[in-house]
Amino acid sequence: MNKLVNIVCKIKDKIINKFRNISFILYIKTNVLFITFVLINLINSWLLRIVTMGNYFSIKAMIADLAFILVVGSFAYLVKPKKQFRILMPLTIIMSLICIINAVYYENYVSFASFSLLSTASFLGEMDGTVVTTLIKFKDVLLIFPLIVLPVVHILLKKKKYYSYVDKIERGKKRFLNTIILGAFAIFITIVLMKSADYSRLKKQWNREYLVERFGIYVYQLNDAIKSTESKFTSLFGYDNASKTVREFYEEKKNTEVIEKNEYSNILEGKNIIVIHAESIMTHDMTLSFNNLELTPNLNRLASEGLFFSNYYPQVSVGTSSDTEFTFNTSLLPASIGTVFVNYWDRTYEAMPNILSKKGYYTASMHANNGSFWNREVMHKTLGYNKLYAKSSFDYSDESKILGMGLSDKEFFRQSVDKIKKISEENKNYYITLITLTNHTPWDEGDKYGDYTVDYKKEVTEEDGSVKEVTLPFMEGRELGNYFKAVHYADSALGEFINELDSAGLLENTAIVIYGDHDAKIAKSEYRYFYNYDFETGKQYDKDDERYVNVDYYNYELNRKVPFIIWTKNSKGDKLLNKKVDKVMGMYDAMPTLANMLNFSYKYALGHDIFSKDDNIVVFPNGNWITDKMYYNAQKDEHYLFKDSVVTKEEIDNNKAYANKLLEVSDSIIVYDLESGEKNEEK
């Protein structure tokens with residue numbers, strides 16, 4: 001460490017000697033545009049950290065951002081002063097866009113954007129302009145200030161004939177070299193301050209919040225661009241090491257985790273399976289009522305009559321719904337770079353549709369949107385679905401049945417029943433996934449969701465003794481309120497679907513599996529308003545009020561649970577199939593749990609049959625994890641203990657190591673197509 005300090009001191013002395021003879025005031029006077037460029041982009045990255053993570057000061061991030069700005073901006077000195085604006089302005093536009101896009105993305109997904117998203121843009125289907133506008137908040141607009149300041153400064157300098165003056169004294173190549181040296185010094189400081197874990201995090205890229213907090217937004221985005229490009233070629237290299245890592249992991253798992261039969265083994269064997277991928281439905285929704293009317297009466301009924309897993313967490317990354325489909329069916333985690341559905345569709349996966357097809361099941365998926373959305377028309381074949389019934393398979397002629405991004409859930413389910421009926425007549429068994437659509441953001445068609453209100457009605461006694469009903473707006477007109485209305489509609493559609501299946505005789509030998517694909521990704525501020533509404537005054541509790549509920553990071557993360565329900569027509573009253581399971585569980589535990597119930601084997605699952613696991617751990621793509629005892633935040637290397645939990649440091653360290661290993665193994669399988677390699681070796 002002392003050697004590094006001495007090296008830094010020597011470099012510092014050289015830089016000081018180099019600039020000692022330069023007049024500081026003269027430097028400022030003749031570098032107004034460049035200094036403005038540096039300051040506004042440095043401030044913008046600082047503002048981004050404030051509006052996203054609430055990170056008011058991070059000297060390490062500032063140094064890293066400064067290094068990036070100095071190096072890329074230095075090239076402006078290679079042209080005449082009057083032309084430097086032509087280089088600095090495009091750079092400012094790019095950096096401002098980076099800040100704005102990441103602010104908007106973080107607001108809605110509590111993560112930072114990735115260049116790999118650009119490759120998914122063409123698969124996202126048509127998106128109404130209102131979707132974009134609802135994502136942008138006022139504070140995000142503040143980040144455009146560099147795009148105003150730099151042109152204004154440039155115009156003022158032109159009027160004062162500043163560039164003609166500077167042109168006479170500026171030595172462009174010398175200033176370019178000096179700026180590069182200063183930027184290199186900032187890079188060197190950044191490297192010196194790095195911990196050993198930082199190198200690993202830069203390489204893996206999954207801990208995005210930590211990278212931005214530690215290296216700033218520009219270095220993060222540069223590293224992300226490199227990693228996104230690398231994903232296109234990485235499968236050409238490192239296969240042997242990846243294969244060895246995966247092989248050793250599963251050998252150890254085989255030796256230490258003995259899979260035994262339990263009371264749920266084969267309980268659903270021979271049954272048809274209808275899976276409902278419920279868009280943005282959360283477990284929290286099932287606890288709510290407005291004016292004594294349940295928000296989700298149908299989900300609540302199914303949960304009370306079937307197997308209800310109450311602590312079930314989604315494990316999504318940038319692929320959101322597509323990540324859920326992948327993890328639910330394969331028990332692998334989403335890819336660390338890009339999305340499996342777009343970037344790694346040409347692989348072999350041990351997925352439920354593939355496995356059940358070999359058991360004689362007809363497998364199909366249904367979704368009333370374009371088949372190109374998330375590349376489903378290609379990826380569903382890879383997963384083993386015999387057919388995808390996409391938008392072209394549904395009747396869109398009645399415009400009154402269009403709601404949100406496409407066909408309403410009620411109409412989608414109604415038309416799907418006919419398709420399922422035909423499939424049931426032609427096949428002994430089937431596995432069908434229905435992907436809903438109406439409850440997709442932005443939830444702005446409240447007039448079409450029905451007459452369910454999210455206001456608050458109360459009776460007030462007047463002075464004359466008469467009683468009148470008073471209505472307070474509560475959640476009416478708010479984003480979260482609109483979401484609740486959409487949820488109630490989606491729940492109503494689900495109830496009608498179950499009834500239609502029953503009327504068609506399709507529930508006799510069928511298990512209904514329902515899961516929420518991910519949380520609604522609504523801002524914390526909306527939940528703070530919801531929990532702190534004063535029903536007496538119609539206003540919010542003050543933060544100093546003892547009744548005030550602070551929705552912090554951990555409250556928000558723990559609230560992201562989604563429902564997972566397994567229900568049959570005859571499950572009510574069944575001692576095994578009518579139960580609430582409170583164990584913590586992840587999306588990747590669904591496949592092993594269903595595998596045990598349906599009697600099929602698998603090899604590459606990362607999750608567990610929840611009925612054979614007492615100390616389960618759910619690992620998230622960003623490195624966070626949760627157990628029945630605690631939630632661990634990998635970004636801040638801190639944890640939140642649940643009530644009455646006692647955890648040792650050794651236990652935490654073991655779980656951290658296990659989480660990192662799971663992420664590495666999952667990524668290796670996906671990137672290097674190791675499941676395909678295994679099959680080729682067996683042949």
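The values are calculated or read from the model by the stated rules, or taken from the named source; none is laboratory data. All values reported here derive from a predicted model rather than from experimental measurement. Virtual Cβ from ideal backbone geometry, glycine too; neighbours counted across all protein chains shown.
For the stretch 258-299, which positions are of a type outside the set (A, V, I, L, M, F, W, C), part of a helix (DSSP H, G or I) and closer than 30 Å to LYS428 by Cα?
ASN298
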I'm trying to understand the selection: among the residues of the stretch 310-320, which are more than 27 Å from VAL454 (Cα to Cα) and touching a strand residue (DSSP E or B) at 6+ places or on another chain (Cβ under 8 Å)? GLN315
Can you tell me which condition TYR239 does not meet? The list is (1) buried (at least 17 other Cβ atoms within 10 Å of the Cβ); (2) of a type in the set (Ser, Thr, Tyr); (3) in contact (Cβ under 8 Å) with a residue 60 or more places away in the chain; (4) at negative phi, and all the others hold. (1)
Could you list, in sequence order, the residues of the stretch 630-677 that are of a type outside the set (Val, Ile, Thr) and either at positive phi or touching a Leu at 6+ places or on another chain (Cβ under 7 Å) (or both)? MET630, TYR631, ASP637, ASP644, LEU662, LEU663, SER666, SER668, ASP673
Mind checking which pairs have a first residue in the stretch 176-194 that is in contact (Cβ under 8 Å) with a residue 12 or more places away in the chain and outside the structural domain of ARG214 (by TED's automatic domain parsing) and a second that is surrounded by 16 or more Cβ atoms within 10 Å (Cβ to Cβ) and part of a helix (DSSP H, G or I), Cβ under 7 Å, 6 or more apart or different chains? none
Scope the stretch 590-607; condition closer than 21 Å to SER666 by Cβ and surrounded by fewer than 22 Cβ atoms within 10 Å (Cβ to Cβ); matching residues: PRO592, ALA595, PHE600, SER601, TYR602, LYS603, TYR604, ALA605
Is there a residue being part of a helix (DSSP H, G or I), more than 25 Å from THR92 (Cβ to Cβ), at pLDDT below 80 and of a type in the set (S, T, N, Q) anywhere in the stretch 211-230? no
For the condition free of Cβ contacts under 8 Å to residues at least 12 places away in the same chain and surrounded by 16 or more Cβ atoms within 10 Å (Cβ to Cβ), what is the one hit in GLU325, GLU294, GLU305, GLU279? GLU294
Tell me, please, whether a residue that is more than 22 Å from the chain's Cα centre (by Cα), outside any helix (DSSP H, G or I), over 28 Å from LEU598 (Cα atoms) and without any contact (Cβ under 8 Å) to a residue 60 or more places away in the chain can be found in the stretch 410-417. no
Kindly indicate the residue of the stretch 334-390 that is assigned to a loop (DSSP other than H, G, I, E, B) and among the basic types (Lys, Arg) and also surrounded by the most Cβ atoms within 10 Å (Cβ to Cβ) among those meeting that condition. ARG347
Does at least one position in the stretch 181-199 carry a residue that is β-branched (Val, Ile, Thr), over 24 Å from MET95 (Cβ atoms) and assigned to a helix (DSSP H, G or I)? yes
Give the stretch 635-678 a look and list any residue that's in a loop (DSSP other than H, G, I, E, B) and in contact with a Phe, Trp or Tyr (Cβ under 7 Å, 6 or more places away or on another chain), or say none. GLN635, TYR672
Is there a residue being hydroxyl-bearing (Ser, Thr, Tyr), closer than 24 Å to GLU251 by Cα and out of contact with any strand residue (DSSP E or B) (no Cβ under 7 Å at 6 or more places or on another chain) anywhere in the stretch 630-652? no
Taking the stretch 421-458 as the region of interest, how many residues are out of contact with any Pro (no Cβ under 9 Å at 6 or more places or on another chain) and outside any loop (DSSP other than H, G, I, E, B)? 16
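Identify all residues within the stretch 461-470 that are over 23 Å from PHE530 (Cβ atoms) and part of a strand (DSSP E or B); write none if there are none.
Looking only at the stretch 461-470, we keep the residues that are over 23 Å from PHE530 (Cβ atoms), and these are 461-468.
Selection gives THR461, VAL467, LYS468.
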Quick check on my filter: what residues within the stretch 529-547 are aromatic (Phe, Trp, Tyr) and in a loop (DSSP other than H, G, I, E, B)? PHE535, TYR541
Selection count, the stretch 563-589, where residues are part of a loop (DSSP other than H, G, I, E, B), of a type in the set (A, V, I, L, M, F, W, C) and crowded, with 17+ Cβ neighbours inside 10 Å: 2
Quick check: anything in the stretch 513-526 more than 17 Å from the chain's Cα centre (by Cα) and under 30 Å from SER424 (Cα atoms)? yes
Restricting to the stretch 509-525, name every residue that is surrounded by fewer than 18 Cβ atoms within 10 Å (Cβ to Cβ) and either modelled with pLDDT of 95 or more or not assigned by TED's automatic domain parsing to the domain that holds LEU295 (or both). ASN509
So how many residues does the stretch 138-162 have that are aromatic (Phe, Trp, Tyr), touching a residue at least 60 places away in the same chain (Cβ under 8 Å) and farther than 14 Å from TYR27 by Cα? 1
Just checking, which of ASP455, ASP491, ASP398 is surrounded by fewer than 22 Cβ atoms within 10 Å (Cβ to Cβ), under 31 Å from the mean Cα position of the chain (by Cα) and either touching a residue at least 12 places away in the same chain (Cβ under 8 Å) or under 25 Å from TRP567 (Cβ atoms) (or both)? ASP455
